[in-house]
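Read through the structure below, which is laid out as structure tokens, and then see the notes.
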Amino acid sequence: MAMYWLVQGCQAGDSLVFHYSGHGSQQRNYTGDEVDGFDETLCPLDFETQGMIVDDEINATLVRPLPRGAKLHAIIDACHSGTMLDLPFLCRMDRSVALRSFSALC
């Protein structure tokens with residue numbers, strides 16, 4: 001409900017912050033939308049009775065409702081959090097390039 005509350009009334013120019021520090025996990029994905037076959041999940045305090053929050057739910061609640069021009073800053077400190085928002089982007093970093101660039105500055 002808090003995630004839903006965060007995006008309610010959001011409009012272009014708004015800047016929202018979502019922060020979660022806690023346990024994260026994975027569960028088998030049965031819809032075929034995950035490359036690795038697993039959905040990432042958040043494990044809130046009541047997850048044993050209310051269930052985990054699945055990345056598909058987070059995307060549907062926090063990401064998709066955002067209007068064009070609104071920004072969402074998500075800080076997620078949990079295991080398996082790299083794809084927690086189910087964004088359609090993939091970041092590939094070439095650490096050797098970054099290290100060479102850093103060495104050149106020293």
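Answer yes if at least one residue in the range 25-38 is acidic (Asp, Glu), surrounded by 10 or more Cβ atoms within 10 Å (Cβ to Cβ) and under 17 Å from residue 72 (Cβ atoms), and no otherwise.
No, the conditions are met nowhere in the range 25-38.
Only one of 74, 70 is in contact with a Cys (Cβ under 8 Å, 6 or more places away or on another chain) and in contact (Cβ under 8 Å) with a residue 24 or more places away in the chain. Can you tell me which?
After applying the criteria, what remains is 70.
Can you pull out every residue in the range 53-71 that is open to solvent by less than 30 Å² (accessible area, probe 1.4 Å) and of a type in the set (Gly, Ala, Ser)?
The answer is 70, and nothing else.
Across the range 20-32, what is the total count of residues that are free of Cβ contacts under 8 Å to residues at least 24 places away in the same chain and part of a loop (DSSP other than H, G, I, E, B)?
Here the count works out to 3.
Condition check ((1) surrounded by 13 or more Cβ atoms within 10 Å (Cβ to Cβ); (2) in a loop (DSSP other than H, G, I, E, B); (3) β-branched (Val, Ile, Thr); (4) out of contact with any Asp or Glu (no Cβ under 8 Å at 6 or more places or on another chain)) across all residues:
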| position | (1), (2), (3), (4) |
| --- | --- |
| 5 | no, no, no, yes |
| 9 | no, yes, no, yes |
| 13 | no, yes, no, yes |
| 18 | yes, no, no, yes |
| 41 | yes, no, yes, no |
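Going through the range 43-52 one residue at a time, which ones are exposed (fewer than 10 other Cβ atoms within 10 Å of the Cβ) and part of a helix (DSSP H, G or I)?
48, 49, 50
The values are calculated or read from the model by the stated rules, or taken from the named source; none is laboratory data. Quick caveat, the model's predicted, so the values are computed rather than measured. FYI the Cβ positions are ideal-geometry reconstructions off the backbone, even for glycines, and counts take in every protein chain you see. The area values use the complete protein model at the heavy-atom level, side chains included, leaving out ligands, DNA and RNA. Shrake-Rupley method; radii C 1.70, N 1.55, O 1.52, S 1.80 Å.
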